[in-house]
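Quick notes on the structure that follows.
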Amino acid sequence: MAGGEQGQVEQLADWLRWAKRAVAFTGAGISTECGIPDFRSPGGIWTRMQPIDFRDYVTRADMRREAWRRKREMQPLFAAARPGAVHRLLADLIARGRLKAIVTQNIDNLHQTSGVPEERIIELHGNGSYAHCLSCGVRYEQAWIDARMAPDFSVPDCEACGGLIKTATISFGQPMPAEAMRRATLEAETSDLFVVLGSSLVVYPAAGLPITAKRHGARLVIVNREPTELDDLADLVINAELGAVAQSLAGHLAPPGVASGGRQDAADGC
Ligand code: NAD
């Protein structure tokens with residue numbers, strides 16, 4: 001990182017040291033270094049395929065088959081991904097009481113895999129590692145789906161009620177999960193430091209949360225490779241690679257006697 005960015009990271013480390021109610025808000029950018037493409041970067045998922053609207057999923061069997069086909073295509077990427085530098089840093093900050101909660105738009109389950117307790121993670125767009133019935137909510141593990149998926153990618157209906165089964169993510173046109181939004185809004189309203197990591201901040205209502213935090217008095221920090229829509233609102237914007245920022249932050253925030261980089265796992269590929 002350049003000298004100016006090092007100074008910005010030191011500033012963020014200082015704010016994290018003193019914050020009483022710091023909250024992280026994460027997006028697809030924190031997982032690109034783990035091999036999962038984001039939506040909007042060159043080569044991102046949307047440059048290759050249009051999203052499937054929720055209404056189309058519910059009303060059209062061909063769209064459901066296409067959704068499951070895509071799921072099967074993407075599955076090896078998600079299965080192989082391991083937490084990266086940002087996931088590890090945030091897990092460490094949660095464990096040390098320096099971070100209150102992680103609000104995430106990601107569906108890749110990597111915050112959980114990095115060891116963050118479930119109750120500290122607020123998933124705004126659901127979780128792609130399992131599925132559930134859209135009518136009665138019964139959960140279906142991916143292995144159950146895989147064992148029953150037909151060659152044309154159709155999937156059986158719910159065994160309990162006959163409803164449609166869908167990956168437990170929130171599609172465009174699908175209502176936001178009310179409880180997750182309520183908790184995330186509360187965290188934004190009561191935070192004193194709100195740190196956005198790896199989001200283009202164009203997907204609403206999720207992207208409204210940094211605005212809420214700022215309006216309620218939090219310091220707002222945005223860390224992203226490229227500018228975002230909300231940079232003008234932020235107290236600090238760091239345009240840099242997230243892995244490098246996380247490793248530098250980990251060094252600044254490491255307890256005395258712990259080497260820079262903290263909990264780096266040698267087995268991790270990212
Ligand atoms: P986005 O694709 O709109 O934005 C990601 C941002 O991260 C971009 O601005 C990009 O420049 C930046 N970025 C990418 N890699 C980076 C790196 N290594 N260092 C610094 N910056 C980097 O993603 P979003 O804002 O999270 O919103 C879009 C939707 O994408 C969300 O709803 C989410 O559910 C979904 N999504 C999730 C995943 C995942 O779970 N990993 C992957 C793809 C899409």
Report summary line: For segment 49-116, dividing by residue count, accessible area per residue (probe 1.4 Å) in Å² works out to 44 Å²
Report summary line: In Å², rounded to a whole number, the accessible area per residue of segment 155-264 with probe 1.4 Å is 45 Å²
Query - Under 13 Å from the Cα of Lys214 - aspartates and glutamates, other chains or at least 8 residues apart - result: Glu187, Glu189, Asp192, Asp231, Asp232, Asp235
Query raised in the report: Given H placed on each backbone N at 1.01 Å, which residues far from Phe153 in sequence or on other chains put an amide H within less than 5 Å of it?
Result: none
Report summary line: Given unit charges at Cβ for Lys, Arg (+) and Asp, Glu (-), the dipole magnitude of the chain about its Cα centre in debye, nearest 20, is 380 debye
Report task. Write down the Å³ per residue value for the convex hull defined by the alpha carbon atoms of segment 143-231. Result -> 159 Å³
Query raised in the report: Looking only at Cα atoms, what is the convex hull volume of segment 106-187 per residue, in Å³?
Result: 116 Å³
Query raised in the report: Can you pull the percent of the chain's accessible area that's carbon plus sulfur, 1.4 Å probe, other chains left in place?
Result: 52 percent
Query raised in the report: Under the Karplus relation 6.51 cos²θ - 1.76 cosθ + 1.60, θ = phi - 60°, what is the ordered set of whole-Hz ³J(HN,Hα) values for segment 50-59, x standing for Gly and Pro?
Result: 6, x, 9, 5, 4, 4, 5, 4, 6, 9
Requested in this report: Provide the three semi-axes, in whole Å and in decreasing order, of the ellipsoid equivalent to the chain as defined by the square roots of 5 times the Cα gyration tensor eigenvalues.
Outcome: 34, 19, 17
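The values are calculated or read from the model by the stated rules, or taken from the named source; none is laboratory data. Nothing here was measured: the structure is a model prediction, and the numbers come from that model. Virtual Cβ from ideal backbone geometry, glycine too; neighbours counted across all protein chains shown. All accessible areas refer to the heavy atoms of the entire protein, side chains included, with ligands and DNA or RNA removed. Shrake-Rupley method; radii C 1.70, N 1.55, O 1.52, S 1.80 Å.
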